[in-house]
Amino acid sequence: MGAVLAGNLRDIGGGYTQKQRPQGVAGGRWVSGKRQVVEGVIVQLKDLFALGRHRAKTLSGLLTRLTAKIAAYTCGQCLNDRLGMPLRPSADLLI
């Protein structure tokens with residue numbers, strides 16, 4: 001499946017092949033920097049949606065709660081946008 005996905009990405013002009021992987025110390029720093037960004041985003045999302053204390057008993061329960069939180073957050077952002085307010089302040093109250 002991974003090879004099919006890589007082939008599809010290559011066909012549309014994207015993707016990440018083995019030859020493009022950075023080498024040496026500079027490449028290691030590049031990968032490390034990208035990993036820190038991804039980990040930072042994951043931590044922010046985990047905090048924003050309170051995933052550390054979700055209290056769901058099953059995977060479907062977790063997905064249901066997460067879906068409801070994302071919908072509420074999106075509605076808050078839409079409401080703020082229509083009222084001409086910054087997107088985030090009222091949405092923080094919904095979680």
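In whole percent, what relative contact order does the stretch 49-95 give with Cα contacts below 8 Å and a gap of six or more residues? Provide the component values of the computation, followed by the final result.
Details: 35 pairs, mean separation 16.4, N = 47.
The value is 35 percent.
Sticking with the crude label model, points 7 Å out along Cα→Cβ, report the distance from LEU59 to GLN44 in nm, one decimal please.
Between LEU59 and GLN44, the simple spin-label model gives 2.8 nm.
Would you mind ranking LYS57, LYS46 so that the residue whose beta carbon has the fewest other beta carbons within 10 Å leads the list?
Values: LYS57 8, LYS46 12.
Going from least to most buried by this count: LYS57, LYS46.
Order of THR64, THR58 from fewest to most other C-beta atoms within 10 Å? Intermediate values should be presented prior to the final figure.
Details: THR64 12, THR58 8.
The order, fewest Cβ neighbours first, is THR58, THR64.
Farthest toward the dipole's positive end in the stretch 49-95, which of GLN77, LEU87, SER60, given Cβ charges of +1 (Lys, Arg) and -1 (Asp, Glu) about the Cα centre?
Highest projection toward the positive end goes to SER60.
FYI, it's all coordinate maths here, none of it is from the lab. Quick caveat, the model's predicted, so the values are computed rather than measured. For neighbour counting, all protein chains shown are included, and Cβ atoms are generated from backbone atoms with ideal geometry for every residue, glycine included.
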